[in-house]
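The values are calculated or read from the model by the stated rules, or taken from the named source; none is laboratory data. Not measured: the values here are computed from a predicted model. Heads up, the Cβs are rebuilt from the backbone with ideal geometry, glycines too, and the neighbour counts pull from every protein chain shown. Surface accessibility is based on the protein's heavy atoms, side chains included, excluding ligands, DNA and RNA. Shrake-Rupley method; radii C 1.70, N 1.55, O 1.52, S 1.80 Å.
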Amino acid sequence: MSMRPADIITSAVKDTLKPYLLEKGFEADGTTKFRRSVGEAVQTVEIQRSRVGGAQGFVYLNGIIHLPAIHELLVGVDSRPRPSNFMFRPHNVDRSLPEAIAITQESDPADIGAVGVRGIDALLGRMNEFTTTADAVDYLSGKKLSVFEGVFAWYLQHDQLDRAQAFVTGLHEYFGAQRRWEKLAGMLDAVAAHISPETPWRSWLATP
């Protein structure tokens with residue numbers, strides 16, 4: 001018996017994915033998001049539906065890590081909202097997993113649920129590597145503009161000036177010749193003024 005893709009994913013979530021996530025210590029936040037705190041991080045698994053109203057649809061599993069300590073550091077820099085989270089999908093962790101779970105009218109909710117569980121296991125394995133802000137910051141420091149203000153703020157707040165210098169020097173090497181560099185530098189100025197005004201970070205970029 002065929003079912004609408006929307007009904008198939010609803011059944012898979014209700015019967016398989018939600019119970020599995022609750023068993024792992026998550027709490028439901030609505031019908032598509034599940035959250036738990038692990039160490040210093042807040043982990044969210046989001047079940048994102050795409051075009052499930054037709055004959056075929058897709059579901060993406062998003063593993064989101066929120067860093068409250070980074071958020072608190074950046075509050076007060078100015079009124080502009082700044083990112084304090086980053087995301088994985090199962091395919092980023094294990095290339096054998098699908099980028100999206102495809103659902104047709106003939107899909108079995110139990111099979112969709114089983115694929116979803118494998119994806120969730122991959123996400124949680126990766127997300128659990130970042131249970132401290134320090135671990136997450138060290139990872140993000142290699143991601144160029146991903147949460148770059150938070151990375152810089154964390155290093156300054158914790159007097160890790162060697163890492164702060166290496167980080168902004170790398171940013172400058174990558175973006176220094178681009179027109180947007182002065183905009184990025186202005187953002188770093190604002191963070192430094194808020195966290196550690198005496199930090200002469202621009203002098204780190206001087207050519208010997």
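When Rg and the Kirkwood Rh are both derived from Cα coordinates, the Rg/Rh ratio for the range 87-208 amounts to 1.17. Counting only DSSP H runs of at least 4 residues, each contributing -39500 (n - 2.57), and dividing by the residue count of the chain, the helix-based mean residue ellipticity at 222 nm comes to -13000 deg cm²/dmol.
Can you list which of the chymotrypsin sites (Phe, Trp or Tyr not before Pro) found in the range 43-90 are DSSP loop residues with at most 15 other C-beta atoms within 10 Å? Could the numbers behind the result be given before it?
Working: sites: 58, 60, 86, 88; in loops: none.
Sparse-neighbourhood loop chymotrypsin sites (Phe, Trp or Tyr not before Pro): none present.
For the pair residue 71 and residue 22, a Förster radius of 22 Å applied to the C-beta separation gives a FRET efficiency near 0.25, rounded to the nearest 0.05.
Comparing 165, 157, 43 in a Gaussian network model of the chain, where Cα atoms under 10 Å apart are tied by springs, the biggest mean-square fluctuation is seen for 157. Think of each Lys and Arg Cβ as +1 and each Asp and Glu Cβ as -1; about the Cα centre, that makes the dipole of the chain roughly 560 debye. Based on C-alpha pairs under 8 angstrom that are at least 6 apart in sequence, the chain has a relative contact order of 20 percent. Straightening the chain between residue 29 and residue 11 buys 4.7 nm, computed as 0.36 nm per residue apart minus the Cα-Cα spacing. The label-point distance for residue 121 and residue 169, in a model that sets each label 7 Å from Cα toward Cβ, rounds to 4.4 nm.
For residue 62 and residue 189, a Förster radius of 30 Å and the Cβ-Cβ distance give a FRET efficiency of 0.35, rounded to the nearest 0.05.
Dipole orientation for the chain: of the candidates 59, 168, 45, 59 has the Cα lying most toward the positive pole (charges on Cβ; Lys, Arg +1; Asp, Glu -1). For the chain, the number of Lys pairs with C-alpha atoms closer than 30 Å, counting only pairs eight or more positions apart or on separate chains, is 9.
So if I place +1 on the C-beta of Lys and Arg and -1 on the C-beta of Asp and Glu, and nothing else carries charge, what would the dipole magnitude of the range 55-172 be about its Cα centre? I want it in debye, nearest 20.
On the way: 9 positive and 14 negative charges, 61 e Å.
Dipole size: approximately 300 debye.
Normalised by 2.2 N^0.38 Å, where N is the number of residues, the C-alpha radius of gyration of the range 1-72 stands at 1.29.
A 1.4 Å probe run over the chain, with the rest of the protein chains in place, finds 52 Å² accessible per residue.
Applying 0.36 nm per residue to the separation of residue 55 and residue 135 and subtracting their alpha-carbon distance, the gain on full extension is 24.5 nm. Which residues does a label at residue 40 reach in the range 59-88, if reach means a backbone N under 20 Å from a point 7 Å past the Cα toward the Cβ? Only 64-77, 82-88 pass the distance filter. Springs join every pair of Cα atoms under 10 Å in this Gaussian network model of the chain, and among 76, 113, 57 the largest mean-square fluctuation is at 76. Assign unit charges at the C-beta atoms only (+1 for Lys and Arg, -1 for Asp and Glu), then state the dipole size of the range 97-136 relative to its Cα centre in Debye, rounded to the nearest 20. Charge dipole of the range 97-136: 120 debye, to the nearest 20.
Which value in Å does the Kirkwood hydrodynamic radius of the range 11-158 take, with 1/r averaged over all unlike C-alpha pairs and then inverted? Don't skip to the answer; put the middle values down first.
Numbers: mean 1/r = 0.0608 Å⁻¹.
16.4 Å is the Kirkwood radius here.
How much of the accessible area of the chain, probe 1.4 Å, is carbon plus sulfur, in whole percent?
Carbon and sulfur: 49 percent of the exposed surface of the chain.
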